[in-house]
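See below for the structure under consideration.
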Amino acid sequence: MLNVTGKWALITGASRGIGYLTALFMAEKGCNLILHGRKPENCKKVYDEVTAKGVEAKIVACELSDLDAVKAMLAEVDSFGVDVDIVLNNAGLQIAYRNEYFETPVSDYTESFKINTIAPAIICYHFMPKMIAKGFGRILNTTSGIRLEPQQAGYSASKAALDKITIDLGHTVQGTDVMINLTDPGWCRTDLGGPNAPNAPESAIPGIVVGVFVEDKKSGRCLAAPHFTGMTLEDAVKKAETEFESPY
């Protein structure tokens, strides 16, 4: 199982929900963190909590629908002078639920794709070459299990596109110690999932991060968190490495 002590991870959407819990978990494992939120002040609470655990942390702010701002954020991360070993593309937008889905506006697609597909892709394209050059890296892109619901077409289509990008990129690094996989927290009671979701956010731990800790050099998998609910990290890693195969 990978030891992340002293490594640096970028977590998007770290100020609340699954991203917040992910940040706390990674800090407990000794991982230094770059915490992303829409505004710097949104990350103050999580910053205070992770640094209290003895790790280093930095805050970056960016509206992910502004793709120029995404590029500026990445330049700011570069200016920190640290190697980003791990990327957790957690942030996402579920724009609407359309009962009248034949009237779905184009903006549902354009806004969803900017935040859920294009921004994570830009982040992958920025860090993957650096990871390949040094021979190590982990990227986890957060997907969704939503299927057969045209009421959420913009959201589900943008996540399906992210799945495709992740699988295709994974093929280029398969068999190396640069690994890019998918994760899915399941339907949790967060701001995105809503109050009627069946699962507590905590149920996504440790599965939401298990793809960071595996060392089997396999990419392109969906290591969905509900498969690992209630397990120790050690057992979750064993399960991921023995039961989940790459799609290649």
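See the values below:
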{"quantity": "Qualifying residue in the stretch 91-99 (condition: of a type outside the set (Ser, Thr, Tyr), modelled with pLDDT of 95 or more and either surrounded by fewer than 21 Cβ atoms within 10 Å (Cβ to Cβ) or more than 19 Å from the chain's Cα centre (by Cα) (or both))", "calculated": "yes"}
{"quantity": "Test: Gly19 is within 21 Å of Ser144 (Cβ to Cβ) and in contact with a strand residue (DSSP E or B) (Cβ under 8 Å, 6 or more places away or on another chain)", "calculated": "yes"}
{"quantity": "Residue list for the stretch 29-43, restricted to those being in a helix (DSSP H, G or I) and surrounded by 16 or more Cβ atoms within 10 Å (Cβ to Cβ)", "calculated": "Asn42, Cys43"}
{"quantity": "Only one of Val70, Val46, Val87 that is outside any helix (DSSP H, G or I), of a type in the set (A, V, I, L, M, F, W, C), buried (at least 21 other Cβ atoms within 10 Å of the Cβ) and out of contact with any Asp or Glu (no Cβ under 6 Å at 6 or more places or on another chain)", "calculated": "Val87"}
{"quantity": "Cross-chain or 6+ apart pairs with Cβ under 6 Å, the stretch 208-234 first and modelled with pLDDT of 95 or more, then part of a helix (DSSP H, G or I) and acidic (Asp, Glu)", "calculated": "Val214/Glu241; Asp216/Glu241"}
{"quantity": "Boolean, Pro195 is in contact with a helix residue (DSSP H, G or I) (Cβ under 6 Å, 6 or more places away or on another chain), of a type outside the set (Asp, Glu) and at pLDDT below 95", "calculated": "no"}
{"quantity": "Considering residues of the stretch 1-28 that are in a loop (DSSP other than H, G, I, E, B) and free of Cβ contacts under 8 Å to residues at least 40 places away in the same chain only, the residue nearest to the chain's Cα centre (by Cα)", "calculated": "Ser15"}
{"quantity": "Ala61 of a type in the set (Gly, Ala, Ser), open to solvent by less than 10 Å² (accessible area, probe 1.4 Å) and touching an Asp or Glu at 6+ places or on another chain (Cβ under 9 Å)", "calculated": "no"}
{"quantity": "Criterion violated by Ile115 - all others in (1) out of contact with any strand residue (DSSP E or B) (no Cβ under 7 Å at 6 or more places or on another chain); (2) modelled with pLDDT of 95 or more; (3) surrounded by fewer than 22 Cβ atoms within 10 Å (Cβ to Cβ); (4) aliphatic (A, V, I, L, M) satisfied", "calculated": "(3)"}
{"quantity": "In the stretch 129-153, the residues that are in contact (Cβ under 8 Å) with a residue 24 or more places away in the chain and in contact with a helix residue (DSSP H, G or I) (Cβ under 7 Å, 6 or more places away or on another chain)", "calculated": "Ile132, Gly137, Arg138, Ile139, Leu140, Asn141, Thr143, Ser144, Pro150, Gln151, Ala153"}
{"quantity": "Qualifying position, being in contact with a Lys or Arg (Cβ under 8 Å, 6 or more places away or on another chain), more than 22 Å from Glu28 (Cα to Cα), buried (at least 18 other Cβ atoms within 10 Å of the Cβ) and at pLDDT 95 or above, among Leu182, Leu162, Leu169", "calculated": "Leu182"}
{"quantity": "The stretch 73-84, residues that are outside any loop (DSSP other than H, G, I, E, B) and open to solvent by 30 Å² or more (accessible area, probe 1.4 Å)", "calculated": "Ala75, Glu76, Asp78, Ser79"}
{"quantity": "Positions within the stretch 8-26 being surrounded by 23 or more Cβ atoms within 10 Å (Cβ to Cβ) and either closer than 18 Å to Val84 by Cβ or of a type in the set (Asp, Glu) (or both), in sequence order", "calculated": "Ala9, Leu10, Ile11, Thr12, Gly13, Ala14, Gly19, Thr22, Ala23, Met26"}
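For (1) in contact with a Leu (Cβ under 9 Å, 6 or more places away or on another chain); (2) free of Cβ contacts under 8 Å to residues at least 24 places away in the same chain, each residue gets a yes or a no:
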| site | (1), (2) |
| --- | --- |
| Asn32 | no, no |
| Asp48 | no, yes |
| Val70 | yes, no |
| Glu76 | no, yes |
| Gly92 | yes, no |
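The values are calculated or read from the model by the stated rules, or taken from the named source; none is laboratory data. This structure is a prediction, so every number in the text was calculated from the model and none was measured. Neighbour counts are summed over all protein chains in view; Cβ atoms, including those assigned to glycine, are modelled from backbone coordinates with ideal geometry. Please note that ligands, DNA and RNA were not included when accessible areas were found on the heavy atoms of the full protein model with its side chains. Shrake-Rupley method; radii C 1.70, N 1.55, O 1.52, S 1.80 Å.
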